[in-house]
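Asks: Dropping a structure here in structure tokens format, bear with me for questions.
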Amino acid sequence: MASCGPVLVPPLLAEQGGLRLSAHYLVTFLGARFAGYLLFAAIAWEFGALVAVPPASRLAVVGVVHLLLAGALLWYAYSLGRARHPSSPGSELVTIGATRKRSLSGPAALGFLTGLSLCPPFVVAGVRAAEMRSVAAALLFFAVFFVGTCVWFVPLLVLGWTRRSEAVTTVARMAMALIAFYYFYLGSVTLAGRKLYGY
């Protein structure tokens, strides 16, 4: 929750589609996260135990994932603002009587990237998956790991029932931007440190 909560909660609050949209968002996020899990499990098994991977390579992966998360959060916050405040003067007339469908590419990108984020429990699970006898066993292990972590995301559906004013959605988008800058800082410092000090 410490790793994924800051990425997941502000976008859920920024959306104004009620429980149905929140459920679609969460399912898309978790589905993409599951794809990231399986990809990581296959790579971990293919290359052996993660402890054998040089620390510099692990830091490079962490830095790149953080930068990609920053970019995805900024892009998603911007797209939410564009959806709520169209730039075209006549866009309101065009959409009268029609419901605009929200794209789920944002939560899919965020879910996939958090599925590759190397938080401590995730690294431990990767080491266990690397020790499995077959890639099928590694994938099954990460599938069960995913189911266990999903339990902690279900309560976030409650956010779909909360009433959102313009102020709440604006603050949520600002929080997304701040978290994006934080991830950008982490990624930049990680990659710069690896470049300068060779660790």
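All of the numbers you see were taken from the coordinates with simple rules; none came from a lab. It should be emphasised that the depicted structure is a prediction, and the values quoted were computed from it without experimental measurement. Methodologically, a virtual Cβ is constructed for each residue, glycine included, from the backbone with ideal geometry; neighbour enumeration extends over all protein chains shown.
Asks: Between residue 185 and residue 167, what is the label-to-label distance in nm when each label sits 7 Å out along the Cα-to-Cβ direction?
Replies: 2.7
Asks: A follow-up question, please. Give me the extension gain from residue 178 to residue 64: residue separation times 0.36 nm, minus the current Cα-Cα distance, reported in nm with one decimal.
Replies: Contour length minus the Cα-Cα distance gives 39.2 nm.
Asks: Also, quick follow-up: Extension gain residue 133-residue 151, at 0.36 nm per residue separation less the Cα-Cα distance, in nm?
Replies: 3.7 nm
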